[in-house]
Ligand code: AMP
């Protein structure tokens, strides 16, 4: 067992972690923290749920504290980029827990919220800025913030940022942060473009890996229901949900429209359901996530983008109501259950015209799904 003290973190941080119930480091933390402390650039192959926020956050906070200068107005000392509003908020929530007993300020900027308020927050100077790329560039263009004092750049869920079309934004931002910096890149998968990005913007990076891509948590039991057509999916879902009244179920739909329709159907037949997807406002998404986390609603219907990286420890069932077009997405989806050492069940529905998608998934994972 590796303690945070063993990894070289100071007493203040270790005490905060103890208060948070973090006693021993997760594998990615044990590997990454010493490397980040010694100043290396880092490529981390890890999914959300492995403890990667602390893996980059703790050593970065430690170093920011050691160099006790205050950020100038409209300047930042460290930048964390993440693909979605939900992830930005989740990362910032974690970091704020870690800096509670320190003078460090964590600020978030995301699309869909008031830009004036964000500009105002930035005017006081920021230690750690957590941002989605698009909104950050808007704020840079308005001169609400400059990145020239930043010494740390973290690209989190880099593969997802590429999927969402943020490549140009990432390049622009990477050029705005001075070369004299430490860069940490985390990604669940390593497509070629991420390798190129890392080659361009990281210097002699060390590589750490926890769950190799394509390997889901061992604790997820996976099943597939072969169904003749779409209509039967709703029937089977209804039956399985009824059979597991105490479960917390995350249902994946390929489209926003499909997610909304399915949520309304489930609600209509008496399930406590909500949905999150790109057509929902930030407030609606946050309320739905909170109700799901608290167990007030038992079924959350989501699209991949909206649900990516979301960390809800109690999820018992993940349904692939539609199989994803990209096999990697299946791995991300089922990784939403069996977290923190619990068990989880993943159930996929497969119509004949989705059979090729199932084959791709099985090939990627090197298994056959029962
Ligand atoms: P992450 O992969 O960073 O999203 O972390 C997943 C979850 O695990 C978060 O809810 C963290 O608060 C929690 N966590 C991270 N590291 C530890 C640890 N060493 N001990 C206990 N919980 C942890």
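The values are calculated or read from the model by the stated rules, or taken from the named source; none is laboratory data. Computed from a prediction, not measured in an experiment: that's the story for all the values here. Cβ placement follows ideal geometry from the backbone for every residue including glycine, while neighbour counts extend to all protein chains displayed.
Observations, loosely collected:
- Identification of helices (runs of 4 or more DSSP H) wholly contained in region 147-265 with 2 or more residues that are in contact with a strand residue (DSSP E or B) (Cβ under 9 Å, 6 or more places away or on another chain) and farther than 30 Å from residue 315 by Cβ yields 167-176, 192-201.
- Matching residues, region 325-339, being assigned to a loop (DSSP other than H, G, I, E, B) and buried (at least 22 other Cβ atoms within 10 Å of the Cβ): 335, 336, 337, 338
- For region 70-77, the count of residues that are touching a residue at least 60 places away in the same chain (Cβ under 8 Å), on the phi > 0 side of the Ramachandran plot, over 23 Å from the mean Cα position of the chain (by Cα) and more than 16 Å from the ligand (Cβ to nearest atom) is at least one.
- Every condition in (1) within 19 Å of the chain's Cα centre (by Cα); (2) within 17 Å of residue 244 (Cα to Cα); (3) surrounded by fewer than 23 Cβ atoms within 10 Å (Cβ to Cβ); (4) away from the ligand (no atom under 16 Å from the Cβ) holds for residue 345 except the one numbered (1).
- Total residues in region 1-35, condition part of a helix (DSSP H, G or I), within 14 Å of the ligand (Cβ to nearest atom) and under 30 Å from residue 195 (Cα atoms): 7
- Once region 317-361 is narrowed to residues that are out of contact with any helix residue (DSSP H, G or I) (no Cβ under 9 Å at 6 or more places or on another chain) and within 16 Å of residue 188 (Cβ to Cβ), the residue that is modelled with the highest pLDDT is 334.
- Hits in region 276-319 - residues which are touching a strand residue (DSSP E or B) at 6+ places or on another chain (Cβ under 7 Å), in a loop (DSSP other than H, G, I, E, B) and more than 23 Å from residue 223 (Cα to Cα): 277, 297
- Taking first residues from region 271-286 that are touching a residue at least 24 places away in the same chain (Cβ under 8 Å) and partners that are surrounded by fewer than 14 Cβ atoms within 10 Å (Cβ to Cβ), the Cβ contacts under 6 Å between residues at least 6 apart in sequence or on separate chains come to 282/112.
- Evaluation of residue 94 against (1) surrounded by 24 or more Cβ atoms within 10 Å (Cβ to Cβ); (2) within 9 Å of the ligand (Cβ to nearest atom) (one fails), failing number: (1)
- The helices (runs of 4 or more DSSP H) falling completely within region 44-142 that include 1 or more residues that are more than 22 Å from residue 206 (Cβ to Cβ), touching a helix residue (DSSP H, G or I) at 6+ places or on another chain (Cβ under 6 Å) and modelled with pLDDT of 95 or more map to 85-98, 133-141.
- Residue satisfying condition, being over 24 Å from residue 138 (Cβ atoms), in contact (Cβ under 8 Å) with a residue 24 or more places away in the chain and buried (at least 17 other Cβ atoms within 10 Å of the Cβ), within set 190, 161: 190
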